[in-house]
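Colleague: There's a structure below that I have some questions on.
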Amino acid sequence: MLKRSITIILILVAGISHAQSPTQKLEQAYNNLLADVQTKYATLSLCILDANSGKILYARNENLGVSTASTLKTIISATAFGVLGKDFRYQTTLGYNGTISTDGTLSGNLIIIGGGDPTLGSWRYPSTKEVTILNSWVQAIKGAGIKKIEGSVIGDESVWGSQTTPDGWVWQDVGNYYGSGASGLTWRENQFDLHLHANGSDNSVSVIKAVPAMPYLKIVNELKAGTEGTGDNVYAYLPALSNIAYLRGTWGLGTPKSGISAALPDPAFDAAFRLQDTLQRIGIKVSAEPTTSRILVADKKQVPVISQKLTTISSPSLSEIIYWFNKKSVNLYGEHLIKTIAWKSGKTPTTKNGATAVINYWGQKGIDKNALNILDGSGLSPGTRVTTYAMANVLFQAQKEDWFVDYYKSFPENNGMKLKSGTINDVSAFAGYYTAGSGNKYVIVININNYSGSGINKKLFRVLDALK
């Protein structure tokens, strides 16, 4: 009899739960999370829109500015599509100044002029791989009859100036691959690897090698071996345009991965260095050391102007770039895009001008500009603050555009939904779209700042599960 009563109660509870509307389920799930010990001192914001009408289905704290982490990328990528167009491509030009003698000696310089392309030398696309780019340049140089160079290989990053790192980034992030700054001549996604090994005998950590080799960079190793299972707690402190890297933190004994990825401090120099090294290896001698337009200006020397173009390399389309930007949350791409948005809006290509252009773009579409406090292009800056309602409105309006199919395709799968995630210190957020089994379509933005402990994402997903 007792078992039968319990069964009846469970059936009734299930029936009541099933009868609840999505709004009622959201209210219950949101309140459950709000009562959780992890959210005691947190700011929790949620905004769910009906994707067809744009009307609010459920929202709490939707007009509070919260740190976005990488969900900011949903706004930056939508703006880039709107301003640049889905078929936009960056251009990088190789040329020379001076003259070529009958014996093939170039009395002048090879010059790589960056056009802000974040994909040059990237491994993500067949056309942009480092070996492909270098081979293209070598063939163009050979095709011009150049067999020897009395001059330098110059990386010209001047299209965007010399500041690569946005103001407001945390010092601990700068120098690591995810904190790579945007250069007018970016190369190999401004990244290199350091292979590490923890030594149990003296608790030291050895730097086995850099990939590729970085002979011009001094590495100061301050690492200590961590206990078994503690893994990677290593940070590279490597300021932009510096040649000294400090490695700090711990590398756990028995850590299975090979090492860490760090940020190239001067990608324009590295691009020039790799081309010159390649030429030397195939017997085309270069008399002077590789350099950059920045270094020449600092030394009060004139930056040569190309007198003859050799080849121009086009990047993948913006649609292809944004696919990886959102799918793998490539911060570098966001910092390039925000400068490009400024550039193509007729402003000096700075992060600040790009942020203003982004805010104005959505302001013209009816979104309160004061709800968009944007400091960078990737969300890595903890100072960036956007309301979940404003972000949800961007996502809603994006559905009306001819580029929406490519935009939607770039969103990763999270919790069975098309959601871009965002994570920085004590911030976790998700933004995107969901179509329920009933056919109802939703725009979703959920964000928590200043939570405690770990494992918060599962609890955020429980709230969103109310839509299923």
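Colleague: Out of the stretch 100-114, which residues are part of a loop (DSSP other than H, G, I, E, B) and either crowded, with 21+ Cβ neighbours inside 10 Å or outside the structural domain of K301 (by TED's automatic domain parsing) (or both)?
Modeller: G114
Colleague: Tally the residues that are β-branched (V, I, T) and crowded, with 19+ Cβ neighbours inside 10 Å, restricting the search to the stretch 225-256.
Modeller: Matching residues across the stretch 225-256 total 3.
Colleague: Let me ask something additional. Could you list all residues from the stretch 209-249 that are closer than 23 Å to I295 by Cβ and in a strand (DSSP E or B)? Spell out the reasoning first.
Modeller: Pass one, the stretch 209-249, residues closer than 23 Å to I295 by Cβ: 210, 212-220, 236-246.
The answer is A210, K218, I219, V220, A236, Y237, I244, A245, Y246.
Colleague: Please verify whether K327 is surrounded by fewer than 18 Cβ atoms within 10 Å (Cβ to Cβ), within 30 Å of V83 (Cα to Cα) and of a type in the set (K, R), treating the condition exactly as stated.
Modeller: yes
Colleague: Here's another thing I want to ask about it. Of the numbered conditions (1) assigned by TED's automatic domain parsing to the domain that holds S421; (2) within 21 Å of G179 (Cβ to Cβ); (3) crowded, with 19+ Cβ neighbours inside 10 Å, G259 satisfies every one except a single condition; which is it?
Modeller: Among (1) assigned by TED's automatic domain parsing to the domain that holds S421; (2) within 21 Å of G179 (Cβ to Cβ); (3) crowded, with 19+ Cβ neighbours inside 10 Å, the lone unmet condition for G259 is (1).
Colleague: Would the stretch 127-148 turn up any residue that is touching a helix residue (DSSP H, G or I) at 6+ places or on another chain (Cβ under 8 Å), of a type outside the set (V, I, T), more than 17 Å from K309 (Cα to Cα) and crowded, with 17+ Cβ neighbours inside 10 Å?
Modeller: So far as the stretch 127-148 goes, yes, one or more of its residues are touching a helix residue (DSSP H, G or I) at 6+ places or on another chain (Cβ under 8 Å), of a type outside the set (V, I, T), more than 17 Å from K309 (Cα to Cα) and crowded, with 17+ Cβ neighbours inside 10 Å.
Colleague: Sticking with this one: I'm checking my understanding of the structure. Among residues of the stretch 121-149 that are basic (K, R) and in a strand (DSSP E or B), which one is nearest to I284 (Cα to Cα)?
Modeller: Selected residue: K148.
Colleague: Also, quick follow-up: The conditions are (1) closer than 16 Å to V37 by Cα; (2) in a helix (DSSP H, G or I); (3) over 23 Å from the mean Cα position of the chain (by Cα), and L464 fails exactly one of them. Which is it?
Modeller: Going through the list (1) closer than 16 Å to V37 by Cα; (2) in a helix (DSSP H, G or I); (3) over 23 Å from the mean Cα position of the chain (by Cα), L464 breaks only (1).
Colleague: Mind checking which residues of the stretch 19-38 are within 33 Å of the chain's Cα centre (by Cα) and part of a helix (DSSP H, G or I)?
Modeller: Scanning the stretch 19-38 gives L26, A29, Y30, L33, L34, V37, Q38.
Colleague: Quick one: in the stretch 150-206, of everything that is within 26 Å of A69 (Cα to Cα) and in a helix (DSSP H, G or I), which residue is farthest from the chain's Cα centre (by Cα)?
Modeller: Looking at residues that are within 26 Å of A69 (Cα to Cα) and in a helix (DSSP H, G or I), I get W160.
Here's the yes/no breakdown for (1) in contact with a Lys or Arg (Cβ under 9 Å, 6 or more places away or on another chain); (2) in a helix (DSSP H, G or I):
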residue: L49; (1), (2): yes, no
residue: N52; (1), (2): yes, no
residue: A59; (1), (2): no, no
residue: T79; (1), (2): no, yes
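A quick yes/no check of all residues on (1) part of a strand (DSSP E or B); (2) of a type in the set (S, T, N, Q); (3) without any contact (Cβ under 8 Å) to a residue 12 or more places away in the chain:
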| position | (1), (2), (3) |
| --- | --- |
| L296 | no, no, no |
| K300 | no, no, yes |
| S319 | no, yes, no |
| N326 | no, yes, no |
| S329 | no, yes, no |
| L337 | no, no, no |
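The values are calculated or read from the model by the stated rules, or taken from the named source; none is laboratory data. All figures in this text were calculated on a predicted structure; none of them were measured in a lab. Glycine also receives a Cβ, built like all others from the backbone with ideal geometry; neighbour counts cover every protein chain displayed.
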